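J.: The structure follows.
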Amino acid sequence: MAVLAEIAGDESPPPLPPSEGGEASGAPSTSSPSDADGGGKPSPRTSKPGRKRLVLTASVLLSFLIGLPLLLKSTEIHRSPLPSDAIAALSRRLHSNPPSFPCGLHAVFLRSGRDPSEASVANRIEREISTQLVDLPDASTAGKISVSVTVESAGGCSSSSKVASPWRCGAVTTADLGRGDEVFDELLDSALGDGGGDGMRVYTVVFVDSDDLKRIVIGKHRHAWVVGKVDEAEVVSIIGKVFVKYFMNGGVEEGEASTVKREFMPVGSDGNIVLSFSLLNADPSDWVYDWEFENIGQRMLTPVIEALRPIANINIESQVLYHTPKSSYSYSDDKLGGNVLSVGDIPFFVNSNEWHLDTSISATGRSKVLQFVVYIPSARECPLYLQLPDGELSKTNAFISPMWGGVVIWNPPGCSFGSKPHGALDKMSSEELMETIEIFIGQLRQLFGLKSSYHAQSMDGVTKFITSPKGFAQWELDLLYRHHACSNLLSCLTTLESLSSLVQSLPRMIVMDEIGRQVELSLEAASLAQRNASLGIISATRARALAEDAFFHPSVMSISYASIEHYFAIYMPFFAPVSLHVLLAVMKELKRYMVERRKYSAFLASQATSS
């Protein structure tokens with residue numbers, strides 16, 4: 001019975017001795033505490049109170065306390081630490097010192113007379129050119145510019161003392177001008193060599209003292225030459241202007257320079273470009289044309305792709321589509337003998353509903369697709385001409401759409417106002433296809449922020465530009481490299497700052513270790529691009545690609561990230577009531593144990609007093 005009483009909490013008093021009448025009942029007395037001593041005094045406790053109920057209740061509470069860290073650990077979000085301080089340091093460096101790449105200017109004077117003091121003349125001209133460059137507008141992405149001068153005459157050859165000259169004396173003479181500009185351009189390239197160290201590009205302007213008319217020729221490599229009887233001061237002025245306007249700013253006028261700086265190059269964030277060429281037959285019931293793009297187009301575009309390879313990996317695709325009418329309207333003009341499309345209707349020319357151009361299989365990930373379209377009008381609108389704002393007809397009959405591509409309107413042979421359809425299958429001739437590809441190359445130049453072609457200009461007598469079979473001159477490619485490297489660095493910084501801000505704003509966002517590693521590698525590549533000019537374009541492209549990979553990592557947006565209040569709202573309806581009941585039970589049991597403990601202590605005290 002004592003054991004049962006202890007389990008029950010020992011709330012009833014111990015059993016009384018048996019009565020005088022005889023047998024003991026063996027059960028405890030059922031009299032209430034109020035019956036004892038004839039008053040309200042509680043009955044004394046003669047046995048020690050048990051602790052099993054207290055221990056059992058406390059163990060339940062302890063299990064909740066032990067399980068709480070386990071619950072928090074199971075719901076913990078893995079967050080790889082991002083180098084926020086390094087990102088902030090990169091931002092400060094790029095804003096305080098914008099990305100730029102060092103360049104060199106080398107001036108060569110080929111004089112016909114004998115001058116025994118070439119060294120002093122070279123040093124003096126070097127100082128004059130340096131002063132001239134300070135007064136000219138800043139070059140777009142060029143950093144520190146080093147100037148060197150070489151003076152060659154019948155008396156000898158001497159260079160300025162500051163910078164070693166890349167010029168090979170005696171390799172080119174004034175008599176070589178008679179062999180033609182193309183040959184003279186190659187002779188200058190062989191005489192100059194690579195030049196420059198640590199990736200620095202050196203640009204050369206050669207002055208040839210001659211009795212010919214003054215003219216300036218811009219070569220397809222990294223040099224230009226001035227021919228004629230020109231005084232020294234004017235030559236120094238021409239050298240500075242040619243260097244800044246063409247070699248540094250791509251032939252853009254001073255007022256247009258800011259536009260080119262802000263021009264975003266049409267290159268995907270992963271460094272890939274897909275050039276999609278499409279031949280559109282507006283109405284196959286009139287005529288159907290095909291082309292041999294795989295043979296002619298690929299051959300003409302291969303040098304262009306190789307020239308642009310340091311900027312982007314370029315893939316080429318082609319297709320022929322049918323039933324592709326345009327969206328805009330054209331009107332007939334009897335004077336021109338055809339239909340006219342105004343410049344205001346160009347934004348509505350592309351028919352997105354009927355032109356299924358986005359069928360590329362090479363465009364993966366974040367590649368950029370540039371569309372180049374040859375539009376063959378139907379018989380009822382043929383020939384179709386593009387009219388410029390000044391009322392003149394476009395010579396190329398083509399237009400571009402920035403960041404999208406270009407369109408060439410091709411009127412087939414025999415197409416005249418009111419011509420009849422013949423419905424036969426024809427092919428574009430090789431000459432017509434080559435002319436169309438040349439227009440596309442010019443449009444590609446425009447999409448990259450350059451001019452489609454350079455014509456004779458009046459700036460100090462510029463009369464000729466040597467065209468490159470690659471579609472881009474070497475000094476133009478250098479300009480694109482610098483602009484693309486700077487654009488990639490700034491884009492990398494913007495992406496990293498956005499990622500850091502996103503992670504800080506979402507405390508419950510998962511950040512995998514791979515993301516943290518990609519951010520670190522992106523920062524390393526960006527720092528390398530700033531330190532090493534020769535690796536600038538490669539490192540800047542890699543830095544941007546890694547930053548984009550980190551930002552668009554699949555784990556970043558794999559689940560919906562909720563705030564900490566959301567988790568409280570989920571778990572509190574279950575844990576709050578249960579935890580409250582367990583806590584109240586422990587408090588109640590502890591209070592009962594303390595009361596019974598005081599009763600037993602009072603009993604022991606009374607027993608000690610009576611004895």
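The values are calculated or read from the model by the stated rules, or taken from the named source; none is laboratory data. Keep in mind the model is a prediction, meaning the values are calculated, not measured. Note that each Cβ is placed from the backbone with ideal geometry, even for glycine, and that neighbours are counted across all protein chains shown. Heads up: the accessible areas ignore ligands, DNA and RNA and are worked out on the full protein's heavy atoms, side chains in. Shrake-Rupley method; radii C 1.70, N 1.55, O 1.52, S 1.80 Å.
J.: In what order, largest first, do 182, 126 sit by accessible area if the probe radius is 1.4 Å? Walk me through the numbers on the way to the answer.
T.: Numbers: 182 90, 126 10 Å².
Accessible-area ranking of 182, 126, largest first: 182, 126.
J.: Something else now. Just the accessible area per residue of segment 467-611, please: how many Å² with a 1.4 Å probe?
T.: 53
J.: Can you tally the net charge around residue 77? Count Lys and Arg as +1, Asp and Glu as -1, for every other residue whose Cβ sits under 14 Å from the Cβ of residue 77.
T.: Its environment carries a net charge of +1.
J.: Also: Quick check: with the 1.4 Å probe, what order do 604, 393, 133, 433 take by accessible area, largest first?
T.: Largest accessible area first, the list is 604, 393, 133, 433.
J.: In whole percent, and with a 1.4 Å probe on the protein chains, what portion of the accessible area of segment 485-554 is carbon and sulfur?
T.: Ligands and nucleic acids excluded, carbon and sulfur give 58 percent.
J.: In addition: Count the lysine pairs in segment 272-448 whose Cα atoms sit under 21 Å apart, keeping only pairs 8 or more residues apart in sequence or on different chains.
T.: Lysine pairs, 8 or more places apart or on different chains, close enough: 4.
J.: Same structure again: Tell me, what is the per residue accessible area of segment 272-448 in Å², probe radius 1.4 Å?
T.: 47
J.: How do 483-496, 289-302 rank on mean C-beta neighbours within 10 Å, highest first?
T.: Ranking, from highest mean packing down: 483-496, 289-302.
J.: Taking the simple approach of a point 7 Å from Cα along Cα-to-Cβ for both residue 176 and residue 610, what is their distance in nm?
T.: Modelled inter-label distance: 13.2 nm.
J.: Please report the carbon-and-sulfur percent of the accessible area for segment 272-448; probe 1.4 Å, protein heavy atoms only, DNA, RNA and ligands left out.
T.: So the carbon and sulfur contribution to the accessible surface is 51 percent.
J.: Whole-Hz ³J(HN,Hα) for each residue in segment 481-488, computed from phi via Karplus 6.51 cos²θ - 1.76 cosθ + 1.60 with θ = phi - 60°, x for glycine and proline: what do you get?
T.: 4, 5, 5, 5, 5, 5, 4, 5
J.: Quick one: net charge around residue 395, please, counting Lys, Arg +1 and Asp, Glu -1 for every other residue with C-beta under 14 Å from its C-beta.
T.: Spelling it out: positives minus negatives among the neighbours equals -4.
J.: Give the peptides 510-522, 97-109 in descending order of average Cβ contacts within 10 Å, highest first. If you can, show how the numbers build up before the last one.
T.: Details: 510-522: 18.6, 97-109: 21.5.
Answer by packing, highest mean first, reads 97-109, 510-522.
J.: Could you sort 48, 591 by their accessible area in this structure, using a 1.4 Å probe and putting the largest first?
T.: Heavy-atom accessible area, descending, gives 591, 48.
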